[in-house]
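Note sheet for the following structure.
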């Protein structure tokens, strides 16, 4: 019984955190659009940060040509 109650509590917390029980966005269409635009802009910036962290935004140093990745 205790295990079932704990499982129900964890499932309830997980569902409320995922936006299933409580809506994550506002009910006004203008507010909702603003929130969605902000979230998509954040996702775009995360992708650029991830490329910067893994150095995939720099030119490859394996090319036979001498390429400098700094400001030219």
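The values are calculated or read from the model by the stated rules, or taken from the named source; none is laboratory data. All figures in this text were calculated on a predicted structure; none of them were measured in a lab. Glycine also receives a Cβ, built like all others from the backbone with ideal geometry; neighbour counts cover every protein chain displayed.
A few notes on this one:
Each row is one residue, and each column tells you yes or no for (1) at positive phi; (2) surrounded by 10 or more Cβ atoms within 10 Å (Cβ to Cβ); (3) modelled with pLDDT of 80 or more; (4) not in a helix (DSSP H, G or I).
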residue	(1), (2), (3), (4)
5	no, no, yes, no
11	no, yes, yes, no
15	no, yes, no, no
36	no, yes, yes, no
69	no, yes, no, yes
72	no, no, no, yes
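- Criterion violated by residue 30 - all others in (1) part of a helix (DSSP H, G or I); (2) modelled with pLDDT under 90 satisfied: (2)
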